[in-house]
Amino acid sequence: MSFTADRLLLFGATGDLAQRMLLPSLFALDADGLLAADLRIVGTARSAMSDSEYRNFARAALEKHLPAERRGSMAWFLNRLAYQTLDATTLDGYDALAEKVGTPERGLAIFLSTAPSLFEPTIKGLQSAGLTGETVRMCLEKPLGTDLASSREINDAVAAAFPEHRIFRIDHYLGKETVQNLLALRFANIMFEPLWNAAHIEHVQITVAETVGLEGRVAFYDDAGAIRDMVQNHMLQLLALVAMEPPAHFDATAVRDEKVKVLRALRGVAANETVTGQYRAGAIGGQAVPGYDEELGKPSDTETFVAIKAHVDNWRWKGVPFYLRTGKRMPKRVTEIVIQFRCVPHSIFAGKGATMQPNRLVIGIQPEENITLSLMAKVPGLDREGIRLRQVPLNIAMPDAFSGAVRRIAYERLLLDLVEGDQTLFVRRDEVEAQWDWVDAIRAGWAADGLTPKTYTAGSWGPSAAIALAERDGVTWHE
């Protein structure tokens, strides 16, 4: 049943995510007239606050995290906000929460941004207060488990109160403009899709590089590591969007059906097709930074870098390697997808001073949103050897192509879709389980082989073994 919610309930409403992302995103949607005039937002958390105190809290968060050009009058938005103190572990406070929220008959969207250990008691509390009915939908923020078994436990607990068509699992990468543009690039332009296969593409690279270290996520990150923090969700979602078949329609069922086919077609990864690393002290941007163990305060075998050579075993992609790479304390912050096409089968310019290079499509996701297609072109001028060629970029910088367009937080798109009830950019349960199944097998292989992370210097592109992983196939990482 499709409905637009007129109430939004935020669990974890005083947390870091709410301050940095959720409140600024909701304010921006409101400022652009994208929220219904009667939408009411109720925050809840352990902290004791009145409505007016929470509005002051929200104002401070907006002033801190919104860029100056996106700020404006906050009075209308702040008047939407209400707050209810709640200890999610006990049923005692849920009736008061329900009274604060009011009747959900016209539609209630719940955003659950809490520790996964609180999911089950929260669902039971919502059930006891009558806040799980047909006009209520539930949005879950990651992490959704630490492996397949724990993920199933969480999903089972949520499914006890909410059917799949009312569950919205967030992967905020899917809210990024350039990630959505990948779908437009592939399926709204006839030139690419006939070439989007093993006959014309040599390999694919997906890189998610961060310059930061632990940044206050000490306990979570040391339990998760790079493969569970980045590969299991964001990177596999990017891979699925690159590799999926054209869906019959742009809707939640069709798009997610095609993504899950890709995830189920992922080949198991051999030990020699992965590299793990952990950063030691080095420098980022000319500033000295400590090693992982120093930041953590104790020795650890948690990987802060992982590189994987993956394969999608289906007709379209058989034999095409997908190189995945993610790490902390890299030289620069960048998320990009590289589509490396094959060389022309025969060069008519051979022996005429022409050096042929294969075409390459680079989709930049962050920090800059752009698309670059490298083409071969004749160098202007005359030459005794004939035509001289050089690779030149055809650039589409999104800010230039769409002048005046506002750069949005990914959560803006996802929160709007949550309120409106569109699941297309959210992750379905079978996708999550296929992702965990693949990652669990890799981690089991590491454990069986006694693999521990290789060290790399902060400010480098990871262990030298990651370079060798690609270069033994004649591939160079795009940097």
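Here is how the numbers come out for the structure above:
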{"quantity": "Number of the condition not met by E245 [criteria: (1) open to solvent by 30 Å² or more (accessible area, probe 1.4 Å); (2) closer than 18 Å to T455 by Cα]", "calculated": "(2)"}
{"quantity": "Of residues in segment 382-441 being farther than 16 Å from L174 by Cα and among the aromatic types (F, W, Y), the one most open to solvent (accessible area, probe 1.4 Å)", "calculated": "F402"}
{"quantity": "Selection within segment 361-393 - under 29 Å from the mean Cα position of the chain (by Cα), among the hydrophobic types (A, V, I, L, M, F, W, C) and more than 20 Å from I201 (Cα to Cα)", "calculated": "I365"}
{"quantity": "Odd one out for E336 among (1) assigned to a strand (DSSP E or B); (2) out of contact with any Gly (no Cβ under 7 Å at 6 or more places or on another chain)", "calculated": "(2)"}
{"quantity": "Qualifying residue in segment 205-224 (condition: open to solvent by less than 10 Å² (accessible area, probe 1.4 Å), part of a loop (DSSP other than H, G, I, E, B) and farther than 15 Å from V439 by Cβ)", "calculated": "yes"}
{"quantity": "Scope segment 407-426; condition aliphatic (A, V, I, L, M) and in contact with a helix residue (DSSP H, G or I) (Cβ under 7 Å, 6 or more places away or on another chain); matching residues", "calculated": "I409, A410, L414, L415, L416, L425"}
{"quantity": "Test result for A129, touching a strand residue (DSSP E or B) at 6+ places or on another chain (Cβ under 8 Å) and of a type outside the set (D, E, K, R)", "calculated": "no"}
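Here's the yes/no breakdown for (1) buried (at least 18 other Cβ atoms within 10 Å of the Cβ); (2) touching a helix residue (DSSP H, G or I) at 6+ places or on another chain (Cβ under 6 Å); (3) without any contact (Cβ under 8 Å) to a residue 40 or more places away in the chain; (4) over 24 Å from L140 (Cβ atoms):
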| site | (1), (2), (3), (4) |
| --- | --- |
| D51 | no, no, yes, yes |
| Y83 | yes, yes, no, no |
| T89 | no, yes, yes, no |
| G102 | no, no, no, no |
| R106 | no, no, no, no |
| A109 | yes, yes, no, no |
| L112 | yes, no, no, no |
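The values are calculated or read from the model by the stated rules, or taken from the named source; none is laboratory data. Values in this document were obtained by computation on a predicted structure and should not be read as measured data. Neighbour counts run over all protein chains shown; Cβ positions are idealised from the backbone, glycine included. Areas reflect the complete protein model, heavy atoms only, side chains present, ligands, DNA and RNA absent. Shrake-Rupley method; radii C 1.70, N 1.55, O 1.52, S 1.80 Å.
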